[in-house]
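Chemist: After the C-alpha cells below, expect a handful of questions from me.
The values are calculated or read from the model by the stated rules, or taken from the named source; none is laboratory data. Note that the structure is a prediction, hence the values are computed from the model and not measured. Note that we place each Cβ from the backbone using ideal geometry, even for glycine, and neighbour counts take in every protein chain shown. Protein only, heavy atoms only, side chains kept; ligands, DNA and RNA dropped before computing areas. Shrake-Rupley method; radii C 1.70, N 1.55, O 1.52, S 1.80 Å.
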Amino acid sequence: MTKNLLISEIARLVGGIVSGSGEKIITGLNKIEDAGEGELTFLGGAAYQKYFPATKATAILVKRDFEKSRSDLIYIEVDDPGKAFLVILTHYFTPEITLQGIDPSAYIHPTAFIGPNVSIGKNVVIEEGCVIGKGTKIFHNTVILRNTVIGDDCLIFQNVSLREDSVLGNRVILHPGVVIGSDGFGFTPDQNGVYQKIPQIGIVIIEDDVEIGANTTIDRAALGHTIIKRGTKIDNLVQIAHNVSVGEDTVMSAQVGIAGSSKIGRHCVLAGQVGITGHIEIGDNVIIGAQSGVPKSLPEAGTYFGYPAKPLNVALRTEGHIRNLEKYASRIKKLEDKIVQLEKLLEKPQA
Amino acid sequence: MTKNLLISEIARLVGGIVSGSGEKIITGLNKIEDAGEGELTFLGGAAYQKYFPATKATAILVKRDFEKSRSDLIYIEVDDPGKAFLVILTHYFTPEITLQGIDPSAYIHPTAFIGPNVSIGKNVVIEEGCVIGKGTKIFHNTVILRNTVIGDDCLIFQNVSLREDSVLGNRVILHPGVVIGSDGFGFTPDQNGVYQKIPQIGIVIIEDDVEIGANTTIDRAALGHTIIKRGTKIDNLVQIAHNVSVGEDTVMSAQVGIAGSSKIGRHCVLAGQVGITGHIEIGDNVIIGAQSGVPKSLPEAGTYFGYPAKPLNVALRTEGHIRNLEKYASRIKKLEDKIVQLEKLLEKPQA
Amino acid sequence: MTKNLLISEIARLVGGIVSGSGEKIITGLNKIEDAGEGELTFLGGAAYQKYFPATKATAILVKRDFEKSRSDLIYIEVDDPGKAFLVILTHYFTPEITLQGIDPSAYIHPTAFIGPNVSIGKNVVIEEGCVIGKGTKIFHNTVILRNTVIGDDCLIFQNVSLREDSVLGNRVILHPGVVIGSDGFGFTPDQNGVYQKIPQIGIVIIEDDVEIGANTTIDRAALGHTIIKRGTKIDNLVQIAHNVSVGEDTVMSAQVGIAGSSKIGRHCVLAGQVGITGHIEIGDNVIIGAQSGVPKSLPEAGTYFGYPAKPLNVALRTEGHIRNLEKYASRIKKLEDKIVQLEKLLEKPQA
C-alpha cells in the first residue's frame, strides 16, 4: 500500500517538529532496518540504535533530544517515536476493506435478516434465521449455519465456518478458516468401553471487539455457552473447548489450548502453545509463559511459567537448580569421598 | 433449543419418582449453576452440592436418598442423576440436522454414485468416481476429490477437504475445516541438501463411528494407508501423520500430534497437546497426560506423563524431587559445612 | 494407483539385476510388512530384516550381496534398495493432478491475469489484480484476495485462503486449508488496558519450491514482509507469525509455532510442536528436537533439545541427572546419617 504524504502534514498529525525539508513526500512506512527511499521509519528503543547509521529511510521519527548526526535524513522530533509511528500507521495506512454489496452467487435464506450496508462475497451461505448487523462484511465461501446472530461492523474473512446458533457482538473480526460452534468433545463410554456421543446443545457467544486468528476453533457448549468476552484477542490455531469462559481484554498467542469448562480471567496474557487443563480457573491479570502447562487453578494475579506452571520466580530458581544438577551430583560424590576418608581416619586412632 | 416436556413424562423415561408437580413443563436442560426458570438440572458429585441452595432450576434430578430441603424445587429421584440427565439430554435434545436434498449449486460428477436419502449442501464439489452412502449429509462448500468412498449416515460439516481415494466408514462425523488425505510430509535431500518430494501414494481409511474435530488434519500414507479404527474420537486441531495407525475406541484431545508410522493401541487416552514421535508403538489402554512428549514405545497399559513421558508414579516422584531441589541444594551445602567442621576437629587432636 | 510394469523394465530403470522371472508384472509398491501379491517392495536397513521371511510381495529390491534364501520371490539386486525404490516410486507413481481447464463457476476478476495452461476449479474466487502463472492448478473453493501474485506450476488445493498482496514463487504447493497473509497478531493497549489493533500492512512472500501443509497459517507482516525462502518444507498446522523469516531448505514438522519477527536459518530442522519465541535468531544448520521451547537465539549450528532448549548433550546429561534425583536424594540422606554418626563418634572420645 503506497500513499503520497507530505512530511509536514505527517508531522502536524503527531505534533512533531521537522528538521529538513517538510515539503518532501513519503510513500510508505517501514522498520528502520528495512526502510528504503521514500519511506518513513522511527527510532525505537536502545536495541534499534545500531540500525541508525545505515538506514536508507527518507524520514525518521526521533525523540526531541536526539542528536541528528546524519544530514541526509529528514527528522521528525516527537515525544514518543514509537507511539507517533503507530498514530501515522493507523491514520493513513489502515487497510481498506473493499468488499462491496451482496454478490448474487451468495445464498441468503429468505428468513435471514441482513442489515443495511452489509457486504457479502461470493458463494457465501447464510442459512435460515440468521441476522447480520449493519456494515458487516463477509468474505467469499464462508458458511453460516442456522440462527446465527452477527452484530454490526464485523469483518469475517473467507472460508470461515459458523455453526448453528452462534452469537457474535459488534466489530468482531474472524480471520480465514476460523471455526465457531463446532461440537464440544463430549463422550461417555458404555459398558463395552464404546464411546457414546453426548449431545452438545449449548452455543458460542463472542462479545464485542473480539478478534480471532486464522484456523482457530471455538467449540459450542455442551449446555449453556462457551463465551469470549469483550475485547479479547486470540491468535491463530488456538483451541477453545466447550463451556470455556474467557474474560475481557485477554490475549492468547498462537496454538494455545484451553480444555473444557475452564475460566480465564480479564487482562490475562497466555503466550504461545500454553495448555490449560479442564475445569480450572485462571484469575484476572495472570500472565502465563510460552508452552507452560497449567494443571490447576491460578487464582492470583502474577506471572507463571513451566510444566507444570509455577510462579515465575520459583520456575526460574527451579530451572537454575536443574542447570546446577551436574555440580550437585559431583558435590555429593565429593562429600561421599570425604566421609570415607573421615571414617578411615576415625577407625585408625581407635585401632 | 427449547422443548415443552412434562416432568412426569421425563421421570417415566428414567424410572424416577417425582416430588412436586409432575404436571409442570420444562423447556430446557442446564448445569446446576446456570439453570433458570423452566429448566431441568441434576445434582452431580460432591463438588456440585454448593450450587444446590441457590440453583434457579425448576426441576432437579437427585439421588433416591436425597434430603429435599428446598420446597420450591421439583425433584426427580433416580439412582444416578448424571446418567439420567444424559439419557434425557440424548432422548429429547439430540440436535436435528436439517440439511435436506441435493442442492442444485452442488457439483456432482456424473460417475459419482450418490446413495438414497443423501443430503448435499450448496457449492459442494464431488469429483469423479466418488461414492456417498445412504443417509449421509454433506454441508456447504465441502470439497471431495476423486474416488473417495464415504459410508452411510455420515455427517460432514462445511468447508471440509477430502483428498483423492479416501475411505470413510459409516456414521463418521467430520467437523468443519477437517482435512483428510493431504500429502504426508515426506522429502529426501539430494546431494545439494535440496529436498525432493517423495510421492505420497497411499490413502486414508477412517472406520465406522469415528468423529474428527474441527480443523484436524490426517495425512494420506506414503505407501499403504493411514488408518483410524472404529469408534475412535479425535478432537480439534490434531495432526495425524502419514502411515499412522490408531486403534479402536481411542480418544485424543485437542492439538495432539502423532508423527509418521506410529501405531496407537485401542482404548487409549491422549490428553491435549501430547506429542508422539514417529515409528513407535503405544499399546492398548495407555493413558498419556496433557502436553507429554513420547520419544519411545510404551507397550504396556498404564498412565504416563511428562517430557519425556514416564510412568505416572515415576513422573510425580520426579516432579516432587524437582520441587525439592532448593532443599537438596541447601542440605548439600550444610553437609559441606559440617564436613569442614569435622575435618578441623579431626586435625586438631592430631596436632 | 495401480500400474502394469514389467519387472525387467523396472530393473533397467535402476540398474538392477533380476533373479527370477523378469517377465512378470508388478502392479504396485508397498512396504515389506504390508506388500501383497503383485507388489514390489524393498529390503531396508537391519530393522526390516525380520519382515523378509514372511513378506507376501511378488518382487523385492535387495542389496547386491544379499542371500536369496526364498525361491518364491523375484529379486532385483541393486546398490541401494531404498534409493532404487524411491526412483521407481517417483518415476512411475508420481500422482497425476487431473484438474483441467477453468471452471465456469470460478470467479476471475477481469483485471486478473491468468497465464497459459492454468487450471482453476469450481467456486474458486480470484479478485482484482491477481496474477496466476502458467501451469498453476488451483482446486475448488479456494479464495485469493486482491493483488496476489502466484508463480508458475504451483499446486494449490481446495479451501485455501490467500489474503491480499501475497506473493508466491514457482512450484509452490499449498495443501487444503492453508491460510496465507492473515493479519499479524499486533495490538497495543490504550490507557484503559483495552487493546487497539495495529494495522498489519506488510505482506507474505513464499519463494520457489516451498511446500506448506494442511491448515498451516502464515501471517502477513506488520510492516515489510514475512518470508519463507526457497525449498523450505512446512508440515500441517504450523503457525508462522508476522515478520518471521525462514531460510532456504529448512524443514518444520507439524504444529511448530514461530513467534513474531524471529529469523530461522537455512537447512534447519524443527521437529514437531517446537515453539520459537519472538525476536530471536536461529542460525543455519540448527536441529531442534520435538516439543522443545526456544526462549533465546541459537546462532550456532548444532542439535538442541528441551524446555528451555539446550545443546543436545547438555539436555541428555540434564535428563540423566533428573532421572537420578531419587538416588541423589537418598545419597544426601545417607550422608546426613553418616555425619550424625561421625559427630557422635567425635563427641565420645572427647567425653
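Chemist: Among the residues of the range A:198-222 satisfying the criterion of being away from chain C (no Cβ under 14 Å) and in contact with a Leu (Cβ under 6 Å, 6 or more places away or on another chain), which is nearest to C:ARG220 (Cα to Cα)? Break it down stepwise before answering.
Modeler: Filtering the range A:198-222 for residues away from chain C (no Cβ under 14 Å) gives A:198-206, A:218-222.
Of the ones still in play, those that are also in contact with a Leu (Cβ under 6 Å, 6 or more places away or on another chain) are A:199, A:202, A:206.
On the way: A:PRO199: 39, A:GLY202: 35, A:ILE206: 24 Å.
It comes out as A:ILE206.
Chemist: OK, next. Residues in the range C:56-69: is at least one in the same structural domain as C:ASP219 (by TED's automatic domain parsing), more than 25 Å from A:SER161 (Cα to Cα) and not aromatic (Phe, Trp, Tyr)?
Modeler: Within the range C:56-69 (the criterion being in the same structural domain as C:ASP219 (by TED's automatic domain parsing), more than 25 Å from A:SER161 (Cα to Cα) and not aromatic (Phe, Trp, Tyr)), the answer is no, since none of the residues qualifies.
Chemist: Can you report the number of residues in the range C:147-164 which are closer than 13 Å to C:PHE113 by Cβ, away from chain A (no Cβ under 13 Å) and touching a residue at least 24 places away in the same chain (Cβ under 8 Å)?
Modeler: Narrowing the range C:147-164 to residues closer than 13 Å to C:PHE113 by Cβ: C:147-152.
Then drop every residue that is not away from chain A (no Cβ under 13 Å), which leaves C:149-152.
Among the residues that remain, those that are also touching a residue at least 24 places away in the same chain (Cβ under 8 Å) are: C:151-152.
Final tally of qualifying residues: 2.
Chemist: Scanning the range C:108-126 for residues that are in a loop (DSSP other than H, G, I, E, B) and over 23 Å from B:THR142 (Cβ atoms), which turns out nearest to the chain's Cα centre (by Cα)?
Modeler: At the first step, the residues of the range C:108-126 found to be in a loop (DSSP other than H, G, I, E, B) are C:109-112, C:115-118, C:121-124.
Cutting the leftovers down to over 23 Å from B:THR142 (Cβ atoms) gives us C:109-112, C:115-118.
Working: C:HIS109: 34, C:PRO110: 37, C:THR111: 36, C:ALA112: 32, C:GLY115: 30, C:PRO116: 31, C:ASN117: 29, C:VAL118: 27 Å.
Filtering first and then ranking leaves C:VAL118.
Chemist: Output the strands (runs of 3 or more DSSP E) that fall wholly within the range A:150-253 and possess 3 or more residues being surrounded by fewer than 24 Cβ atoms within 10 Å (Cβ to Cβ), or say none. Even if it seems obvious, please write down each step before you answer.
Modeler: Details: elements: A:179-182, A:187-189, A:195-197, A:203-206, A:217-219, A:225-228.
Result: A:187-189, A:195-197.
Chemist: Check B:LYS310, B:LYS344, B:LYS327 and return the single one that is at the interface with another protein chain (Cβ under 9 Å from one of its Cβ atoms) and more than 23 Å from B:THR232 (Cβ to Cβ).
Modeler: Details: B:LYS344 fails: at the interface with another protein chain (Cβ under 9 Å from one of its Cβ atoms); B:LYS327 fails: at the interface with another protein chain (Cβ under 9 Å from one of its Cβ atoms).
Just a single option satisfies the conditions, and that option is B:LYS310.
Chemist: Turning to a different aspect of this structure: Tell me the residue from B:GLU281, B:GLU300, B:GLU343, B:GLU326 that is outside the structural domain of B:VAL244 (by TED's automatic domain parsing) and more than 25 Å from A:GLY320 (Cβ to Cβ), please.
Modeler: B:GLU343
Chemist: Looking only at residues that are under 16 Å from C:GLY15 (Cβ atoms) and of a type in the set (Phe, Trp, Tyr) in the range C:43-90, which one is farthest from the other protein chains (Cβ to nearest Cβ)?
Modeler: By that ranking, first place goes to C:PHE66.
Chemist: Please pick out the residue among B:GLY20, B:GLY45 that is surrounded by fewer than 13 Cβ atoms within 10 Å (Cβ to Cβ) and either in the same structural domain as B:ILE138 (by TED's automatic domain parsing) or at pLDDT below 95 (or both).
Modeler: Working: B:GLY20 fails: surrounded by fewer than 13 Cβ atoms within 10 Å (Cβ to Cβ).
From the options B:GLY20, B:GLY45, the qualifying one is B:GLY45.
Chemist: Would you check if there is a residue in the range A:314-321 being in a strand (DSSP E or B) and away from chain C (no Cβ under 11 Å)?
Modeler: Within the range A:314-321, none of the residues are in a strand (DSSP E or B) and away from chain C (no Cβ under 11 Å).
Chemist: Against the condition closer than 29 Å to A:GLY28 by Cβ, in contact (Cβ under 8 Å) with a residue 24 or more places away in the chain and at the interface with chain B (Cβ under 9 Å from one of its Cβ atoms), how does C:ARG230 come out, does it pass?
Modeler: Working: closer than 29 Å to A:GLY28 by Cβ: yes; in contact (Cβ under 8 Å) with a residue 24 or more places away in the chain: yes; at the interface with chain B (Cβ under 9 Å from one of its Cβ atoms): yes.
So C:ARG230 passes the test.
Chemist: B:LYS137: among the charged types (D, E, K, R) and either at pLDDT below 95 or assigned by TED's automatic domain parsing to the domain that holds B:GLU164 (or both), yes or no? Reasoning before the result, please.
Modeler: Numbers: among the charged types (D, E, K, R): yes; either at pLDDT below 95 or assigned by TED's automatic domain parsing to the domain that holds B:GLU164 (or both): yes.
Taking the combined requirement at face value, the residue satisfies it.
Chemist: Return the pairs, sorted by first residue and then second, in which the second residue is part of a strand (DSSP E or B) and open to solvent by 10 Å² or more (accessible area, probe 1.4 Å), the first residue lies in the range B:281-292 and is of a type in the set (Ser, Thr, Tyr), the beta carbons are less than 6 Å apart, and the residues are 6+ apart or on different chains.
Modeler: B:SER292/B:PHE305; B:SER292/B:ALA309
Chemist: Moving to a separate point now. What's the total number of residues in the range B:127-139 that are assigned to a loop (DSSP other than H, G, I, E, B) and either touching a residue at least 40 places away in the same chain (Cβ under 8 Å) or at the interface with chain C (Cβ under 10 Å from one of its Cβ atoms) (or both)? Step through it out loud before you land on a result.
Modeler: Taking the range B:127-139 first, the residues assigned to a loop (DSSP other than H, G, I, E, B) are B:127-130, B:133-136, B:139.
If we keep only those that are either touching a residue at least 40 places away in the same chain (Cβ under 8 Å) or at the interface with chain C (Cβ under 10 Å from one of its Cβ atoms) (or both) too, we end up with B:127-128, B:139.
The qualifying residues number 3.
Chemist: List every residue pair whose Cβ atoms sit under 7 Å apart, with the two residues 6 or more apart in sequence or on different chains, where the first one lies in the range A:309-324 and is under 21 Å from C:TYR328 (Cβ atoms) and the second, anywhere, is charged (D, E, K, R) and buried (at least 17 other Cβ atoms within 10 Å of the Cβ).
Modeler: A:THR318/A:LYS310
Chemist: For the range C:1-17, give me each residue that is modelled with pLDDT under 95 and among the hydroxyl-bearing types (Ser, Thr, Tyr). I'd like the intermediate steps shown before the answer.
Modeler: Step one: list which residues in the range C:1-17 are modelled with pLDDT under 95, which gives C:1-4.
Of everything in the range C:1-17, just one residue is modelled with pLDDT under 95 and among the hydroxyl-bearing types (Ser, Thr, Tyr), namely C:THR2.
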